[in-house]
1. Using Cα pairs closer than 8 Å and at least 6 residues apart in sequence, work out the relative contact order for the chain, in percent.
2. Among Val15, Val65, which comes first, then next, by fewest other beta-carbon atoms within 10 Å?
3. So for Lys355, Lys289, fewest C-beta neighbours within 10 Å to most, what's the order?
4. What percent does the relative contact order of the stretch 206-287 come to when contacts are Cα pairs within less than 8 Å and at least six residues apart?
5. For a quick check, take a GNM of the chain with Cα springs below 10 Å and name the residue from Tyr140, Tyr295, Tyr21 with the largest mean-square fluctuation.
6. Computed FRET efficiency, Cβ-Cβ of Arg117 and Ser165, R0 56 Å: what is it to the nearest 0.05?
7. I want to verify a result. In a Gaussian network model of the chain, Cα cutoff 10 Å, which of these has the top mean-square fluctuation: Ile154, Ile216, Ile118?
8. Within the stretch 148-172, name every residue whose backbone N is under 16 Å away from a label modeled 7 Å from Cα of Glu135 along the Cβ vector.
Amino acid sequence: MSLSENEKYHLKKFVKELDSYSARHTEFVTVYVPAGYDLNKIIQHLQQEQGTATNIKSAQTRNNVIDALERMIVHLKLFKGTPKNGLAAFSGNVAAREGQSDVKVWSIEPPIPIQTRIYRCDKNFQLDILRAMLEAKEAYGLVVLDSRDATIAILKGKTIVPLISTHSHIPGKMKAGGQSSVRFARNREIAVNDHFKKVADIMKDQFLGMTGLKGILVGGPGPTKYDFVDSGHITDELKRKIIGIKDLSYTEEFGLEELLDKSQDILSQEEVAEEKKLVSKFLETLAIKPEMVTYGELNTLKALEMGAVNILLLSEALDEQKIEQFEITAKAFSTEVKIISTETREGVQLRDIGKIGAILRYPIA
């Protein structure tokens, strides 16, 4: 399951805040409640742990653990039941100075169901399960080639990660002097076939058995890409993974970007395509109907407070407090909010024109 950019942003913010705290002793309480698990059993367990904590020798540590457990129990009792995806809860004394008390409690229903039940008392909050949710689980293989060159990459989340580039010394289509045309054509055919085999072997090494590989996209100029796919060198398992073949003008890294752009019909359910499409719509509207968009903090805030904003675009590079303020205002006017990463070219463009943009419901003066 892939997270939306909004889900990813808020989860990342939550993890970052909790990661900033650490205790002097094992007194931070972490609880993970699996989806479907009885929350009352968790509360009973924590009450038992309160009794056990009375045996801790250090008075300060003992008090901090008991207080953290008490705050956690009170907090969990506010829930009518376990949320659909389970619950992650954290409590502890986060006072900056030793001897002071500032016991806080946090909880979050994660965007992906929790499968593991955990109770832990440690110097740090246990955040690995939430961090794992932030990692892109799905990937696409990208192969761009012509009769001489090939570049193999993966699309992980919204990021193209080049893996290997290869070049083969294949003669051009014009035969060299002294060779018969038949012999020249045969030699070239052998060289192209060797090139295809080499690329297929690289695909096998890089993609076969890759966890989360959803599909492979192949592209390149001319008919070479089709000849490669039909060459018989690609293993059956990987060939079944090929979900699109696209005609390109470029190879190498420009070709990878072009392949991604031209595969948005295939990747329409993926966050990268949605994000690129949305920001592209904003930029195109800015160019042809500038009265229907706004950008920059002051102009966008003015439009937002007028209720004129349909979709609000906020770059993840924006200050966290400003994102939160804009989200609160947007909610009051039923405005859709999209957090835009800086991992795509379009996302970088939004960042560079002020980090904030909006598509309007109606033009404003």
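Please treat every number below as a calculation from the coordinates, not as lab data. The structure presented is a predicted model; accordingly, all values stated were derived computationally and were not measured. Using ideal geometry, Cβ is built from the backbone for each residue, glycine included, and neighbour counts are taken over all protein chains shown.
1. On the way: 622 pairs, mean separation 51.9, N = 365.
In percent, rounded to a whole number, it is 14.
2. Working: Val15 19, Val65 27.
Listed from fewest to most nearby Cβ atoms, that is Val15, Val65.
3. Numbers: Lys355 22, Lys289 11.
The order, fewest Cβ neighbours first, is Lys289, Lys355.
4. Numbers: 65 pairs, mean separation 23.5, N = 82.
About 29 percent, as a whole number.
5. Maximum among the listed residues: Tyr21.
6. Numbers: r = 47 Å, r/R0 = 0.83.
According to the calculation, E is roughly 0.75.
7. Sorting by GNM fluctuation, first place goes to Ile118.
8. In the stretch 148-172, the label zone of Glu135 (backbone N under 16 Å from the point 7 Å along Cα→Cβ) covers 156-158.
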